[in-house]
1. At 222 nm, what helix-only mean residue ellipticity would the chain give, in deg cm²/dmol to the nearest 500, using -39500 (n - 2.57) for each DSSP H run of four or more?
2. Compute the Cα gyration tensor for the range 8-79, then decide on rounded, prolate or oblate, letting a ≥ b ≥ c be the square roots of its eigenvalues: rounded whenever a/c is under 1.5, prolate when a/b is larger than b/c in the other cases, and oblate in all that remain.
3. What nm distance separates the two modelled labels at ALA146 and LEU134, each placed 7 Å from Cα along Cα→Cβ?
4. What order do you get for ASP112, ASP76 when you list them from fewest to most C-beta neighbours inside 10 Å?
5. Please compute the net charge surrounding VAL103, taking Lys and Arg as +1 and Asp and Glu as -1 over other residues with Cβ under 14 Å from its Cβ.
6. Pulled fully out, how much extra length does the chain show between ARG109 and ARG93, if you take 0.36 nm times their separation in residues and subtract their Cα-Cα distance?
7. Specify the inter-centroid distance of the range 7-80 and the range 115-167, based on alpha-carbon positions, in whole Å.
8. Find the Rg to Rh ratio for the range 52-112, where Rh is the Kirkwood radius over alpha-carbon pairs and Rg uses the same atoms.
Amino acid sequence: MRPRIVERVNDHDLASAMMGLHDELARTFFAHQVALLDRDFATAARHLAAYREHLFAHAADEEAMVLPRYVELGGDATDAPVKLFLGEHRNLRTFVDDFVVRVRALCERRDDAALLELFDRQATFKNLVLHHDLRERNLLYPFLAARMAREEQVRVLAGRSYAGGAG
Ligand SMILES: [Fe+2]
Ligand SMILES: [Fe+2]
């Protein structure tokens with residue numbers, strides 16, 4: 001399924017701006033998988049490198065600026081304590097680092113069995129991403145939107161290392 005086209009991000013709204021980044025990340029991962037389908041492993045590696053850089057920066061921004069506020073505001077008393085988000089980030093990073101190794105091997109030697117195994121692992125990864133996306137979309141950001149002043153939301157957005165748009 002093609003990722004849906006991202007709606008225009010409202011730069012003053014923490015929830016929609018951050019969730020817009022998820023859509024942008026999904027488009028990069030889609031481009032990576034299309035290149036894999038084409039067995040264009042150099043292009044697949046390039047898209048994956050961009051995806052890794054942006055995903056890791058986004059998760060780091062959340063860990064530095066968003067999740068600490070979530071804890072301060074009482075997020076740990078909800079059904080989605082902060083350790084859940086941190087654990088998911090850790091899992092996502094582990095998967096992506098493994099993909100980098102596997103794509104590098106495919107660049108060196110074509111191997112259909114290895115390519116199919118990579119797609120299988122990426123299916124599991126995409127499921128994790130979906131759950132993480134839903135947890136942030138339905139729990140984390142609505143919780144914060146209801147409790148953080150607009151000025152603070154704007155400040156967090158301005159402090160991000162990954163704000164979308166680039167490559
Ligand atoms: Fe996020
Ligand atoms: Fe996240």
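1. -23000 deg cm²/dmol
2. Prolate, since a/c reaches 1.5 and a/b exceeds b/c.
3. 2.0 nm
4. Exposure proxy ranking, most exposed first: ASP112, ASP76.
5. Summing Lys/Arg as +1 and Asp/Glu as -1 gives +1.
6. 3.3 nm
7. 5 Å
8. Across the range 52-112, the Cα-based Rg/Rh ratio is 1.20.
All of the numbers you see were taken from the coordinates with simple rules; none came from a lab. Quick caveat: nothing in here was measured; it's all calculated off a predicted structure. Ideal geometry is used to build each Cβ from the backbone, glycine not excepted, and the neighbour counts take in all protein chains shown.
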